Structure formats: C-alpha cells, structure tokens
Amino acid sequence: MKKNQLSRRDFLKGAAAGTASLAALGLLGACGDSGSNDPQTPAGTYHPGTYAAKAKGMGEIVVTMTFSAEAITDVTLDLANETDNIGQAAGDTLKAALLEKQSAEIDTVAGASITTDAVKKAAAKCIQQAKGEIPVELLTITSGGASAPAGGQAAWRTPPEAIPDSKIKETHDADVVVVGHGYAGLNACRYLASQGVKVILIESQSEERYSAMGNEAGTPNASALKARGVPDVDPIEYYNNWMVNTSYQANPALMMKFCQNSGKNMDEYLSVLSEEDLSKMTTAFYPPSEHQMDHIGIYKFWPATCSFYNRECGQTYIHGKNREKAIADGAQFFFSTEAQQLLTNGGAVTGIIATNADGDYIKFNCKAVVLATGGFGGNREMQQDLLTDLGGTLTPDESFSVLMDSDGRGIQMAYWVGGKLDSMGIATMNGKHFHPGLPQGVWLDAYGKRYCNEYWGPIEYRGRPALQMNRDAHYAFYDSKLPEYMAYCVPSHGSTHGTPENIESLRTELASVLEAGKEGVVGHDLSATFTRYGANTLDELLDMVCSSDEIKANMKTSIARYNELCHQKRDEDFGRESELMFPVEEGPFFCDVRRTDIGWMMCTCGGLVINAEQQVLDENYKPIQGLFASGNCTSGRFGTEYFTPTPGVSLGVAITLGWECGKSVKKWLDGELPNIDTKDTATVNPNEANAMGGPGGPPPGGGEGGEGGPGGPG
C-alpha cells in the first residue's frame, strides 16, 4: 500500500506536508498558545506535568509519572490486578528504581518479572509522552476510583498542604510575577517592564532548551501586514463575526480589546526584529488565490496572518528578542522554575512558591501574579473532569489524546485560592470536530446517506454532526474536477488553498490514487487517518470502498440526489451555498474513507473565568485581588470550540491580550482597578421585583415591552 504521511510532530515544526492533499489543505501551521511546553523540545527534556500509561502484566497495570523540566519527580503504580504477594509486593522497589534510574531501564525484581516488564513498558510510554514523542495517553478515570476521593470530586481539586517557610531556600521580591514564557506571559512581562514595574517571569523550561509553540499569528491590521499590501480590517466587523462564531459566549469587552488592539500590539511584539528578520515573514492566504472567498454564509474570513516558519526567524527566536528587550527594561527571568502554590493574605494574592531544577522551593513576594500557563491537556484527570461535553460524546472505544499542552498547574493554583472554573463548555483545538473529507465533495455517513452541509462556515464546525453519529466509516466522494473546485477556499486553518502549485500537486496525487487501484493511498491529517480510492466509474469505486449492496445502493441514491440539487443550485436538504454546489458526475471518481478520531486535540483553550481586565473571578464573579490570567488557561475567548476566521488567531489573541493584561495589571498597581465591595449597595426587594415585572409579576401596564419589563430598558 502506498503511504503519504504527515506526522503530527512535523505539523508543529512547520514541515512540508507528506501528501499533496495535505499541502493543499493548508495544514502547514500550528497556532498553539501561551503554554510552556513544546513538542519541538529536544529529546531528554521533559514537558512538565503528570502522564500515565497502562500495560499488561498479570492484569492491567497503570504507571503515573510526574515530571519537572529535567527530571522524574514522582511515580505512582497501580498494581491492584497483580498477584498480591508477588507483583504488588514489588511496587515499592519498582517505584524507587524508576526514581533512582530516572529511566524505564530498571532491573527486574526477582520473582516478579511479568509485573516488572509491564511497569517498564508503561513507564517508557510515560517518558515518551513527557518528551512529546507520542500523544498524551488519557486514561479513563471513574468517580470514586483511585484518582478521585470519595464523593466523586476529582483529586486535583483538593489543595495541597501549604509549604512551610522552613522549606524555602531563597526569596525574591517584585511588584509582579508572571508565570509562563508563552505569548501571553511574555507580552504581559514586556509591557510591565516598559512601564518601570519590577517584574519577574518564571518558566518551567530551561533557558538553553527553551522553545516556543506555533508559527502563525493572526493579527489584523499589524504594520508588517500592511507593508505587504494586506488590506485593513474593520475591527467592529471582525468583532461581530467573532461573537457570531462563539454564539455570544465570549466575553464581549475582552474580545473587543483584541479586535481594536491586535495590530498595534503585534507591532510591539515585532518591534524587536530587524528589517532582515521581517523579510523572512510570510503571509498566509495572501495574495489571495483565484476563487478565494471572504465568507461562507454568515461566517467571514480575513487573510491577516504573520507567519514565521523560517528557521532563522521563528517564534523561538522572536521570543528571545522580546526577552532581551524586557531584560533591558528591568525584567528578571527565572528558567527551570515551576510554580507550585499561590500565596494569599485576606483573600488577596501576595506571592507564589515555585521549585527550581534541583527541587528547592523559591518564594516570590509580590503585589500581583499573572498566570499565563497554557491549557490542561497534559493532565488526564483535569481532561476527564472539565471536558464533560466532549467526554460525553466519546464511544466506549474512544478516549482523550493530546498532541501538546501544559499540565493545568495555573488553573489548579487559581482554583485552590477560589478561582471560578468555566462551566459553559471549554474550547479545544480539534477535539470536538472531525474532517470527513474535503468540502468540495459530498459527505456520506456509515449507511451511505448524506447528513450535512459540507461547506458550512469554519472548518472547525463542519464535522460536528459526527460527534453523535455511527463511527464505522465516513465517505467523501469527488469527481475529476476536484482540483478545479479546490480553488474555492477561505483563509482559515485547514482550508484548501487553491494556488496553482497546490492544484497541480493534487492532480499528481489523484493520478497516483488511480494507479494504486484497490489498495488506495493512505493519508493523514489532524483529524484522522484515511484512505483515498479512485476509479474510472462510480460503480467501480463503490465496489472498492464498500462491500454491502444495501449501502452501495444508498450511496448511489445519495450522490444522484446531491447532483440534482447541484444543478438546481438550491440545496433543499442541507442549505449549502449555491455557488459551492459542485456535482460528482464526471469520471474518474475518488472517495476518502475515514473513521473518526474524536477526542484527539492539540490543546485546550479555556478554564478560568476572567473579566475584561483579565482578573480571575471567584465563585461570586468578583475579582480575586492581585490575581490575573491570560492565554489558554482562561475562557471567554473562543466559546466551546476553537475557530479561525484568520489563521493563527490563538497566537494573535495571546500576543494581544497578553499586552492588554500587562496594562490592566499596571492599572491595578496604580489603584485604577479598586476592589469595589458591592455588598453595601442598594438591592432590589424580591417583592418589589415582582411588582416591576420580575419573576411572578407582569410588567407595568400589563403589556409587552413596558419600561422595566421584557422588551424595554430597565
């Protein structure tokens, strides 16, 4: 079988796609956020967090390992299914060996070789996960089980014991401590340092191995884009489209800050670069290719992305230049330093305790803390606990898996001091959608029936119906005009990009698919592994992709119905845009056969509830004094799923709102964000509320729209 592959690690490195179809899809950029951990880090350095894996001994065993940036710091072995006086009895010895060796290559415990081998296999997988060599394995956790205390509350929610002063090895004082050297944290630090604020940034990666995630930043109206001829974007239009995408779930004032300040804040971020550096920047989807669109239905798209794939001027290099500028302005950076606990006094945050590479405790006293620690995809327990909407769609055979992410420590620390967790649905990159195929074709379910508008708005939304559908197979059919239709694209991650080079590359690939015959050609994208088949006639193709006569008959009927609607230019079944109705009728024909990969994601994009000033809110939605958060540890940006009206908006939002977070912290330090106690303000008597049209009473005048009642101001 012919195989053309694009690994998920290569995707993050911005490597060329292994297949022409993937290049055509535009899957050449990652848009991770402000987390500290990156799969590009060289072997031998870990992404701090807790990882778990299972293996078969006498029964199933589970190894859970916790990593700092440079070491294995804790090991837990679940050997409940092993022989009690043999495998179970070896547990303490095996744990001690793993910690001592800092490796899975440990000696066999006499008499417990089967258990030892299983522990070694599972430990090796944990180490691979921590190095970013394989996706994070998220094992199912059941309430009341070993990972959760009685009552079903996830164990991570229980605050650890306070670290006593007697264990503190050194202490530092600052006005502000920023946790995390990602896009949000770095920009917050840069702004604060530029204002003369004494700021310290702590980062879990080591300085010599520091690596930033992602390549592209969607930042409308940046000067670097204008210099390339990219048109200006109306921030109000962009904002309204953003709120449509989030079903008005995003924080309105927060996201307007992004839309209004994206360009000038990106200018600050890029101000550290020379003209030679900037010459290495590229602009995704600009100049536009023929038939490139600016909208699909009500959803709009803009080519406003600064892309940095050049090895000499990638995001890690740009982070380094920004760090140099921050240091020149007075900031201090502590690498190989992992946050552990926030310090509070009277409910206000007054500092943070962290550990260094040697495991020693360091105390930072400050007036404010900014958490910019990334998501929680590296923490299997938090995934299970917080992604209940996604978890609820998984079949018994599916599980969470993550390409890259942080361990959720920032969210944990904020929760332990009273921070509110998002309960409206936390966004993920890729987790809640599936790409059944290219939108230029017709998509059929496992029964051979068409089930959706294949060209629905953002690519991140098109596959949502698959969340609650039979997983056996999905089929996407195309005809010989697929390369021509591919030119109908929008600037968005995962969208086809109809450049002449990509179109010609797709023609070459389709020829190889026809040559492969019944074997087909295997391909990979961020959503699934699939096989593409080709044949000169539709009947031949149907025989290749399906053995059921009933399903093949359904497929023929569905395709004929779709073609009929295409010629009518009116999709009465699923509302596809008339100009995007491309029939499947001219041979040769092609079909992608896919099975879903629901639950796989790049990272999470939410967690803590914040206000427009990026202050962390408590359970009463009031600011926790001295505590701010920005980037992927916060909600209020993407609704329930990540989306890209411009490629790279995750980085763009982090850069912009990181800078805006710095402004808010400075206002707080200057007393411009006072702690207003609303308890003493006037409240409405429930009985008076009824009289004014509240619950249980009509509005004044007894009619609709009365003043203070439904439909009127009040």
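Of note:
- Condition met for Met404 (within 24 Å of the chain's Cα centre (by Cα), of a type in the set (A, V, I, L, M, F, W, C) and not in a helix (DSSP H, G or I)): yes
- Residue ID - farthest from the chain's Cα centre (by Cα), chosen from residues in segment 359-384 that are at pLDDT below 95 and open to solvent by 10 Å² or more (accessible area, probe 1.4 Å): Gly359
- Taken as a whole, the condition of being in contact with a Pro (Cβ under 9 Å, 6 or more places away or on another chain) and either modelled with pLDDT under 95 or open to solvent by 50 Å² or more (accessible area, probe 1.4 Å) (or both) applies to Thr537.
- Residue check, Ala122 outside any loop (DSSP other than H, G, I, E, B), crowded, with 19+ Cβ neighbours inside 10 Å and over 31 Å from the mean Cα position of the chain (by Cα): no
- Taken across segment 166-174, residues that are out of contact with any Cys (no Cβ under 8 Å at 6 or more places or on another chain) and without any contact (Cβ under 8 Å) to a residue 12 or more places away in the chain do occur, with at least one present.
- Whether a residue is at pLDDT below 80, part of a loop (DSSP other than H, G, I, E, B) and open to solvent by 70 Å² or more (accessible area, probe 1.4 Å) was assessed, and Gln5 passes this test.
- Residue check, Thr83 in a loop (DSSP other than H, G, I, E, B), of a type in the set (Ser, Thr, Tyr) and either in contact with a Phe, Trp or Tyr (Cβ under 6 Å, 6 or more places away or on another chain) or at pLDDT 50 or above (or both): yes
- Count of segment 577-626 residues, restricted to those that are open to solvent by 10 Å² or more (accessible area, probe 1.4 Å) and of a type in the set (Lys, Arg), is 2.
- Test result for Asn453, of a type in the set (S, T, N, Q) and modelled with pLDDT under 95: no
- Check on Asp397, part of a loop (DSSP other than H, G, I, E, B), open to solvent by less than 30 Å² (accessible area, probe 1.4 Å), closer than 23 Å to Met429 by Cα and of a type in the set (Asp, Glu): no
- The residues in segment 240-260 that are within 18 Å of Pro647 (Cα to Cα) and open to solvent by less than 30 Å² (accessible area, probe 1.4 Å) can be counted, and the count is 8.
- Test: residue in segment 508-523 that is open to solvent by less than 30 Å² (accessible area, probe 1.4 Å), under 18 Å from Pro436 (Cβ atoms) and part of a helix (DSSP H, G or I): yes
- Scanning segment 206-229 for residues that are open to solvent by less than 10 Å² (accessible area, probe 1.4 Å) and out of contact with any Leu (no Cβ under 8 Å at 6 or more places or on another chain) yields Ser206, Ala212, Pro220, Leu225.
- Counting residues in segment 295-307 that are surrounded by fewer than 18 Cβ atoms within 10 Å (Cβ to Cβ), over 30 Å from Asn502 (Cα atoms) and in contact (Cβ under 8 Å) with a residue 60 or more places away in the chain gives zero.
- Odd one out for Thr604 among (1) over 30 Å from Gly517 (Cβ atoms); (2) polar (S, T, N, Q); (3) out of contact with any strand residue (DSSP E or B) (no Cβ under 6 Å at 6 or more places or on another chain): (3)
Yes or no, residue by residue, for (1) under 24 Å from Asn470 (Cβ atoms); (2) touching a residue at least 40 places away in the same chain (Cβ under 8 Å):
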position: Arg532; (1), (2): yes, yes
position: Leu541; (1), (2): yes, yes
position: Arg561; (1), (2): yes, yes
position: Gln568; (1), (2): no, no
position: Glu586; (1), (2): no, yes
position: Leu608; (1), (2): no, yes
position: Thr640; (1), (2): yes, yes
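- Residue in segment 92-108 that is of a type in the set (Gly, Ala, Ser), open to solvent by less than 80 Å² (accessible area, probe 1.4 Å) and modelled with pLDDT under 90 present: no
- Criterion (open to solvent by 30 Å² or more (accessible area, probe 1.4 Å), among the small types (Gly, Ala, Ser) and in contact with a helix residue (DSSP H, G or I) (Cβ under 6 Å, 6 or more places away or on another chain)) met by exactly one of Gly347, Gly330: Gly330
- Which listed residue is small (Gly, Ala, Ser), within 26 Å of Asp618 (Cβ to Cβ), modelled with pLDDT under 95 and in a loop (DSSP other than H, G, I, E, B), from Ala682, Ala689: Ala682
- For segment 560-576, a residue qualifies if it is of a type in the set (Asp, Glu) and open to solvent by less than 60 Å² (accessible area, probe 1.4 Å), and exactly one does: Asp571.
- Verdict on Glu312 being open to solvent by 40 Å² or more (accessible area, probe 1.4 Å), assigned to a helix (DSSP H, G or I) and modelled with pLDDT of 95 or more: no
- Which listed residue, of Ser664, Ser650, is polar (S, T, N, Q), part of a helix (DSSP H, G or I), more than 25 Å from Cys306 (Cα to Cα) and in contact with a Phe, Trp or Tyr (Cβ under 7 Å, 6 or more places away or on another chain): Ser664
Per-residue answers, yes or no, for (1) under 30 Å from Leu421 (Cβ atoms); (2) assigned to a helix (DSSP H, G or I); (3) at pLDDT 95 or above; (4) not polar (S, T, N, Q):
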site: Met544; (1), (2), (3), (4): no, yes, yes, yes
site: Glu550; (1), (2), (3), (4): no, yes, yes, yes
site: Ala553; (1), (2), (3), (4): no, yes, yes, yes
site: Ala560; (1), (2), (3), (4): no, yes, yes, yes
site: Asn563; (1), (2), (3), (4): no, yes, yes, no
site: His567; (1), (2), (3), (4): no, yes, yes, yes
site: Glu613; (1), (2), (3), (4): yes, no, yes, yes
site: Glu619; (1), (2), (3), (4): yes, no, yes, yes
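- Number of residues in segment 109-119 that are surrounded by 22 or more Cβ atoms within 10 Å (Cβ to Cβ) and of a type in the set (A, V, I, L, M, F, W, C): the value is 3.
The values are calculated or read from the model by the stated rules, or taken from the named source; none is laboratory data. Source: prediction; values computed, not measured. Positions of Cβ are generated from backbone atoms using ideal geometry, with glycine treated the same way; all protein chains shown enter the neighbour counts. These area figures cover heavy atoms from the full protein model, side chains too; ligands, DNA and RNA do not enter into them. Shrake-Rupley method; radii C 1.70, N 1.55, O 1.52, S 1.80 Å.
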